[in-house]
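One structure is given below, encoded as structure tokens.
The values are calculated or read from the model by the stated rules, or taken from the named source; none is laboratory data. Only a predicted model underlies this, so the values are computations on that prediction, with no experimental measurement involved. Don't worry about glycine lacking a Cβ; one is built from the backbone with ideal geometry, like all the others, and counts go over all protein chains shown.
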Amino acid sequence: MTWRTALADGLHGLSPRAHLVFPSEQRTDLRHRLGRYRRWEDGVDLSPPLRRAGEMIGPPDFVGIGVMMAGVRWWYHLVADHPGISTRGGIPMDRHFLSHFATRSFGAEQVAQYHGWFPRRPGTITGEWSPSYAALPWVAELLARAAPDARLLLLLRNPIERFRLGLAQSSENRGSQVGTHVADAMERGFYGAQLGRVLEFFPAGQVLVLQHECCVADPVAQLALTYRFLGLDDSHRPPRIGPRNVEAERSIPTADPDAVRRLVGVYAGDVKELAAMVPSLDLSWWPEFADG
Amino acid sequence: MRPPSAARAAFRRLSPRTRSALLHRIGRFAPWEDGFDFTPPALGAGESAGAPDFVGIGVQKGGTSWWYELIADHPGVTSRTDIHKERHYLSRFGIEPFGDTEVETYHGWFPRRAGTITGEWTPDYLGYPWVAGLLARAAPGAKLLVILRDPVERFRSGLSFRLSLGAFATEATLADAVRQGFYAKCLRRFLDYFPMEQFLVLQYERCAVDPAHELDATYRFLGLPEHRPDHLSRPINVSGEKVAIKQDAIQRLTDLYAPDVEDLLALFPHIDTSLWPNFGTSPA
């Protein structure tokens, strides 16, 4: 480990409270000066990892496209526990590759590069889960070109809860553009519009929509459903199936009842659109929207 | 007290992030930044406060500073130089309570002399999903102004602007810049709360070509008599180095916006897409 790597990792691992004395923007600036970028930042190296002996590469068999704060890390690890799935240490669950092509060319070379991020052992399938993809309007078209047969997973959560958790998680970055920061967290909850965009490029049968609340209540049944959707034996049981409740450790602002009413108004039309596209959606898990 | 010009020049040479950090250290914040004091300004002699008569709600990089200055030049409009054209007051209420006290505070930001009208232009409002409902509550009679621009050009200009101010090039920055170009989708949120006759939708390209005609239309919309400012054609904040967008990405962005532009034309048939280089003619 070089001193640059050690310093950059140290910056990455600082407690959120550190922003009080060392603001997040300055930390990011310093990290970039050290040549370290997060996967969703411009400047990150998109070169695929080296292929190991016996591995093949190709388009992902499945791609989780959303959503942040809905337990996607937990669910991805349950999926990855299946012996029919290839994952490799050092390759992140969220490749974020397609995030980088809003303004760049995306041709055969980039498609091949994307495929290079998916090594797999013979007889297994592999994929990724980049939870911001659904909220990035340019991604669906690129994904349809790079992985037209991929099965897409969309794990949702009550949009009001997701919004509150998203805001709490990123509160240290809100300084320079408060409204834009809040708008970003809110926009990520317009699932109907996001799914609508995806369905312009993929048939509905290629998309599995899950609900966080349902996965927490009955992970065994929901995981079996997920395995079946991916064409895997659904009898597999990971040793630890319960949720990793990391959100509970964060301080989440209490929502003002009036603000919640306003949020219901903001999201109601979109939830209705979503329910029309996903007949299996169970709105009883999202009580604010249960009355349609 | 104003600092000496050499100090101001040196300050301008600092990076945007360093400038911001220094200003924050001395307690100076812009209305869009966390830390800004939203206590309304003191009323001047003969001034009264109240709901804004007009609110510009969009769009960023649509020439709104230029257009606001032209409106403010009218003798029938009060515009105090110590109050930013972008109040941004409603930007903060995504999840915070918004009641009578907040409405009153908002009104406090609109001092005006007797017999004049006043307002603001916060171009970010259009893209903030929660603002329409709050504005309808705080200023239901306000006339709403929007200047639109070819959405792909707006994206390029908006992204360049954000980056020039020190924003990091992340997927969130890109997504924000893309989303602001879905004009019809954003305007529909306001149309849920305000009648069509309360909107004036202008095009940046048309304002640039024929500012006198478009300004006359703007004054009429605001109920003001004719007036001709000394300097008419002076776009502000529309230059600067632009982000490079590859040709195939421009085509993808154009395709991405096309259905929204079509919807926009259904809402506002007077929009002339032949003025928008990436759309040329109606996508319909």
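Taking region B:47-78 only, how many residues are more than 16 Å from the chain's Cα centre (by Cα) and over 18 Å from residue B:228 (Cα atoms)?
Selection size over region B:47-78: 5.
So in region A:145-160, with the set limited to residues that are assigned to a helix (DSSP H, G or I) and of a type in the set (A, V, I, L, M), which one is farthest from residue A:193 (Cα to Cα)?
For region A:145-160, the residue satisfying everything is A:146.
Could you pull out the residue among B:56, B:35 that is out of contact with any Cys (no Cβ under 9 Å at 6 or more places or on another chain) and either β-branched (Val, Ile, Thr) or in a loop (DSSP other than H, G, I, E, B) (or both)?
Result: B:35 is the single residue among B:56, B:35 that is out of contact with any Cys (no Cβ under 9 Å at 6 or more places or on another chain) and either β-branched (Val, Ile, Thr) or in a loop (DSSP other than H, G, I, E, B) (or both).
When both residues are 6+ apart or on different chains and their Cβ atoms are under 6 Å apart, which pairs have a first residue that lies in region A:258-287 and is more than 10 Å from chain B (Cβ to nearest Cβ) and on the phi < 0 side of the Ramachandran plot, and a second that is surrounded by 13 or more Cβ atoms within 10 Å (Cβ to Cβ) and of a type in the set (D, E, K, R)?
A:264/A:288; A:285/A:213
A quick yes/no check of all residues on (1) touching a Gly at 6+ places or on another chain (Cβ under 8 Å); (2) closer than 17 Å to residue B:200 by Cα:
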residue: B:56; (1), (2): yes, yes
residue: B:61; (1), (2): yes, no
residue: B:64; (1), (2): yes, yes
residue: B:68; (1), (2): yes, yes
residue: B:89; (1), (2): no, no
residue: B:106; (1), (2): no, no
residue: B:112; (1), (2): yes, no
residue: B:118; (1), (2): no, yes
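Can you name the residue in region B:150-182 that is part of a loop (DSSP other than H, G, I, E, B) and more than 9 Å from chain A (Cβ to nearest Cβ) and is also nearest to residue A:25 (Cα to Cα) among such residues?
Step by step, filter region B:150-182, then rank; the result is B:180.
Restricting to region A:154-205, name every residue that is of a type in the set (S, T, N, Q) and either crowded, with 18+ Cβ neighbours inside 10 Å or within 10 Å of another protein chain (Cβ to nearest Cβ) (or both).
Once the filter is applied, which keeps residues that are of a type in the set (S, T, N, Q) and either crowded, with 18+ Cβ neighbours inside 10 Å or within 10 Å of another protein chain (Cβ to nearest Cβ) (or both), region A:154-205 yields A:158, A:170, A:171, A:173, A:176, A:177, A:180, A:194.
Could you count how many residues in region B:102-149 are hydroxyl-bearing (Ser, Thr, Tyr) and in a helix (DSSP H, G or I)?
The total comes to 3.
Being of a type in the set (Asp, Glu), surrounded by 19 or more Cβ atoms within 10 Å (Cβ to Cβ) and modelled with pLDDT of 95 or more narrows it down to one residue among A:94, A:149; which is it?
A:94
Is region A:112-124 home to any residue that is buried (at least 23 other Cβ atoms within 10 Å of the Cβ), in contact with a helix residue (DSSP H, G or I) (Cβ under 7 Å, 6 or more places away or on another chain), not in a loop (DSSP other than H, G, I, E, B) and not basic (Lys, Arg)?
Yes; the residues of region A:112-124 include at least one that is buried (at least 23 other Cβ atoms within 10 Å of the Cβ), in contact with a helix residue (DSSP H, G or I) (Cβ under 7 Å, 6 or more places away or on another chain), not in a loop (DSSP other than H, G, I, E, B) and not basic (Lys, Arg).
Conditions: (1) in contact with a helix residue (DSSP H, G or I) (Cβ under 6 Å, 6 or more places away or on another chain); (2) within 13 Å of chain A (Cβ to nearest Cβ); (3) surrounded by fewer than 20 Cβ atoms within 10 Å (Cβ to Cβ); (4) farther than 28 Å from residue B:18 by Cα. Residue B:136 meets all but one. Number of the miss?
(1)
I need the full set of residues from region A:219-233 which are surrounded by fewer than 16 Cβ atoms within 10 Å (Cβ to Cβ), of a type outside the set (A, V, I, L, M, F, W, C) and out of contact with any Asp or Glu (no Cβ under 6 Å at 6 or more places or on another chain), in order please.
Result: A:231, A:233.
Pick from region B:90-128 the residues that are closer than 16 Å to residue A:255 by Cβ and in contact (Cβ under 8 Å) with a residue 24 or more places away in the chain: which of them is nearest to the other protein chains (Cβ to nearest Cβ)?
Only one residue fits best here, namely B:94.
Only one of these conditions is not met by residue A:47: (1) assigned to a loop (DSSP other than H, G, I, E, B); (2) touching a Ser or Thr at 6+ places or on another chain (Cβ under 7 Å); (3) polar (S, T, N, Q). Which number is it?
(2)
Do we have residue B:175 as touching a Leu at 6+ places or on another chain (Cβ under 7 Å) and among the small types (Gly, Ala, Ser) here?
Answer is yes for this residue.
Could you identify the single residue in B:223, B:181 that is modelled with pLDDT of 95 or more, at positive phi and not hydroxyl-bearing (Ser, Thr, Tyr)?
B:223
Could you tell me whether residue B:197 is more than 23 Å from residue B:87 (Cα to Cα) and not in a loop (DSSP other than H, G, I, E, B)?
yes
Sort out which residues of region A:125-149 are closer than 28 Å to residue B:151 by Cβ and away from chain B (no Cβ under 14 Å), and write them in order of number.
Correct list: A:147, A:148.
Condition check: of a type outside the set (A, V, I, L, M, F, W, C) and outside any loop (DSSP other than H, G, I, E, B). Does residue B:24 satisfy that?
Judged against the criteria, residue B:24 is a match.
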